[in-house]
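Participant: Starting off with a structure, shown below.
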Amino acid sequence: MSMNIEHGADKVLSKSDKSSAMSDMCLSENDKTFARKALHEAFPKERHGSVFAAQCEAYSFLLRQRLEKKITMRRVRALWEGKALRIDGEEKDALRRAKIEEAKRERNALRQRLSDLDQELAFLDP
């Protein structure tokens, strides 16, 4: 009789372990989505001309960040496609910095464009 109780307890523990593993998988999926979106926002294909060029730029940026983990083009491609099995906190921080740099670059480009438009309007409509 005690064998059945112990066996039943094992089943209960295994179910709770399974649910915690599922919640970890959901968190991991969110990290994958974050990394994929961050790469696409920080290194837009439209600005770089192709997906490969954007991935090369992302690779260069991540190399400059001097991450402890070795970064390869294969890793960047896995992050880009959302196929990486896990995302380190250090990688997430680097991707956040990349998004910030891209936002600053876009802001400066918009300021320059507005300045150019102001000059054109001043010339055309005195």
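The values are calculated or read from the model by the stated rules, or taken from the named source; none is laboratory data. Here the structure is a predicted model, which is why all the values come from computation and not from measurement. Glycine also receives a Cβ, built like all others from the backbone with ideal geometry; neighbour counts cover every protein chain displayed.
Participant: Might you let me know whether the range 47-59 holds any residue that is touching a residue at least 40 places away in the same chain (Cβ under 8 Å) and within 19 Å of residue 31 (Cβ to Cβ)?
Facilitator: Here is the first cut: in the range 47-59, the ones touching a residue at least 40 places away in the same chain (Cβ under 8 Å) are 58.
This time we only want the ones that are within 19 Å of residue 31 (Cβ to Cβ), so: 58.
Yes: the range 47-59 contains one or more residues that are touching a residue at least 40 places away in the same chain (Cβ under 8 Å) and within 19 Å of residue 31 (Cβ to Cβ).
Participant: Of the residues in the range 72-91, how many are among the β-branched types (Val, Ile, Thr) and not in a helix (DSSP H, G or I)?
Facilitator: Number of matching residues: 2.
Participant: Let me ask something additional. Find all pairs meeting these conditions: Cβ atoms under 8 angstrom apart; at least six residues apart or on different chains; first residue within the range 92-109 and touching a residue at least 24 places away in the same chain (Cβ under 8 Å); second residue of a type in the set (D, E, K, R) and in a helix (DSSP H, G or I).
Facilitator: Listed pairs, sorted by first residue: 92/31; 99/41; 102/41.
Participant: Can residue 52 be described as modelled with pLDDT of 90 or more and surrounded by 15 or more Cβ atoms within 10 Å (Cβ to Cβ)?
Facilitator: Values: modelled with pLDDT of 90 or more: yes; surrounded by 15 or more Cβ atoms within 10 Å (Cβ to Cβ): no.
For residue 52, the condition - modelled with pLDDT of 90 or more and surrounded by 15 or more Cβ atoms within 10 Å (Cβ to Cβ) - is not met.
Participant: Of all residues in the range 47-75, count the ones that are in contact with a Phe, Trp or Tyr (Cβ under 9 Å, 6 or more places away or on another chain) and among the basic types (Lys, Arg).
Facilitator: Number satisfying all stated conditions: 1.
Participant: Run down 62, 117 and say which single residue is without any contact (Cβ under 8 Å) to a residue 12 or more places away in the chain and among the aliphatic types (A, V, I, L, M).
Facilitator: Answer to the check: 117.
Participant: Kindly evaluate residue 10 against the criterion of being surrounded by 12 or more Cβ atoms within 10 Å (Cβ to Cβ), at pLDDT below 90, out of contact with any Pro (no Cβ under 6 Å at 6 or more places or on another chain) and acidic (Asp, Glu). Don't jump to the end; show me each part of the working.
Facilitator: Values: surrounded by 12 or more Cβ atoms within 10 Å (Cβ to Cβ): no; at pLDDT below 90: yes; out of contact with any Pro (no Cβ under 6 Å at 6 or more places or on another chain): yes; acidic (Asp, Glu): yes.
No.
Participant: I need a count of the residues in the range 32-46 that are in contact (Cβ under 8 Å) with a residue 60 or more places away in the chain, surrounded by fewer than 19 Cβ atoms within 10 Å (Cβ to Cβ) and of a type outside the set (D, E, K, R).
Facilitator: Summing the residues that are in contact (Cβ under 8 Å) with a residue 60 or more places away in the chain, surrounded by fewer than 19 Cβ atoms within 10 Å (Cβ to Cβ) and of a type outside the set (D, E, K, R) in the range 32-46 gives 1.
Participant: Take the residues in the range 57-98 that are of a type outside the set (Gly, Ala, Ser) and touching a Ser or Thr at 6+ places or on another chain (Cβ under 9 Å); name whichever of them is surrounded by the fewest Cβ atoms within 10 Å (Cβ to Cβ). Step through it out loud before you land on a result.
Facilitator: Within the range 57-98, the first condition is being of a type outside the set (Gly, Ala, Ser), and the residues that meet it are 57, 59, 61-77, 79-81, 83, 85-88, 90-93, 95-97.
If we keep only those that are touching a Ser or Thr at 6+ places or on another chain (Cβ under 9 Å) as well, we get 59, 85-87.
Working: 59: 19, 85: 7, 86: 10, 87: 20.
Filtering the range 57-98 for residues that are of a type outside the set (Gly, Ala, Ser) and touching a Ser or Thr at 6+ places or on another chain (Cβ under 9 Å), the one surrounded by the fewest Cβ atoms within 10 Å (Cβ to Cβ) comes out as 85.
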